[in-house]
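Here the structure is laid out as structure tokens; the discussion comes afterwards.
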Amino acid sequence: SNRGTAAKKRKSLQRKKRKIVVVGDSFVRGIAGELLHNLGRAFEFIGYVNSGSGMEVITNVAKQESTTLTKKDMVVIWGGSNDIAKNEVNSGLTHITNFVKLRKNTNVLLVDAPTRFDLSPVSCVNREVLAFNRKLLKRMKLLEHVKIIDSETQRIYFTEHGMHMTKAGKGIMAQRIAEQIKETFSKRETHTITLQWKQDMDNSTELLGKDDIETNVDEAVVNMQGNLSLLMGDDNENSDYNSGNTKDISTVNCETGCSENKGSLPKRDRKCLKAKSEDFLWF
């Protein structure tokens, strides 16, 4: 009985770790070990290498392993080179697209196809590599749970024949994958701003007294009238407002006989009328 309880505790502790499943062709050989070296024991890594296999086999293996995964886990898929070499680009894209659409219960990380350095850069295979990566990016752009990593590296990180990566090249790719894993799981949760219901707002206004509301309204009116007088540039009006005369609106007086307008402020400064003899244009 003690052994059984100890085994259950061990399993529960192991399951608390985030699970990272790495599936792909010969390029993923040794990637799980490099990820363990970069990320440490905080994650649980499982790697499946299917040398010479296309996307159909890779996605089938990933389906079996991703059924029990959650949003706290991730599936890393790296393949497509064999489909490109066999002129089956559309078939490979179809398999990976169907897998991604049906696996929204977890995070998916895709690595695009690397360049073939054993062939000429202008060869038809390398052209298909570019087309495959472009179509893959276009199809996965609208899916939030999918991320894509660029596998483009220099020639020195590939073996002498130019098909596979060296240990240093795989170390660089593992570092890129580890950085994307950290970025995915380190996102902060955004807290939504909740607004009050109309009933709650009405209740809060009822709690305030009528006297408080009236005083607030009077203060707002005084402030508004003071701002208007400042815009008109009349100092006498400001003194009237400060003294508490808030009911009557000020009048505009002119020494040369302008009429007094009570009850409303002028929209603009009007010139006072002058006799022709006083006008400087009159001779």
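Values in this text are rule-based calculations from the coordinates and carry no lab data. Just so it is clear, the structure is predicted and the values come from calculations on it, not from any experiment. Cβ coordinates were reconstructed from backbone atoms using ideal geometry, including for glycine residues, and neighbour counts include every protein chain displayed.
Cα-Cα over 20 Å: which of K86/K141; K19/K147; K71/K135; K19/K71; K19/K141; K104/K138?
K86/K141; K71/K135; K19/K141
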Task: Estimated inter-spin distance, K71 and H37, nm [label 7 Å along Cα→Cβ] - done: 3.4 nm
Task: Fraction of the pair-distance distribution of the stretch 24-71 above 14 Å, Cα-Cα pairs, percent - done: 57 percent
- [ ] Name the long-range amide H neighbours of H164: under 5 Å, sequence gap of 5 or more, or other chain; modelled H, no Pro or chain starts.
- [x] T159
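Under the 0.36 nm per residue contour assumption, what length would be gained going from the current alpha-carbon distance of K135 and I46 to full extension? Can you show the working numbers first?
Values: separation 89, 0.36 × 89 = 32.04 nm, distance 2.83 nm.
Result: 29.2 nm gained on full extension.
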TODO: Can you tell me how much longer the chain between E179 and E56 gets when fully stretched, taken as 0.36 nm per residue apart minus their C-alpha distance, in nm with one decimal?
DONE: 41.5 nm
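Stokes-Einstein diffusion coefficient for the stretch 66-129 at 4 °C in a medium of 1.567 mPa s, Rh from the Kirkwood formula over Cα pairs: what value in µm²/s? Intermediate results must be reported in sequence, preceding the final value.
Working: Rh = 13.2 Å.
For the chosen part, D equals 98 µm²/s.
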TODO: Starting from the Cα of H145, step 7 Å along the direction of its Cβ; do the same at N98; then give the gap between the two resulting points in nm.
DONE: 1.8 nm
- [ ] For G47, list long-range residues whose amide hydrogen, built 1.01 Å from N in the peptide plane, is under 5 Å from its own amide hydrogen.
- [x] V22
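Counting only Cα atoms, I'd like the Rg/Rh figure for the stretch 116-170, Kirkwood definition for Rh.
My calculation of the ratio gives 1.05.
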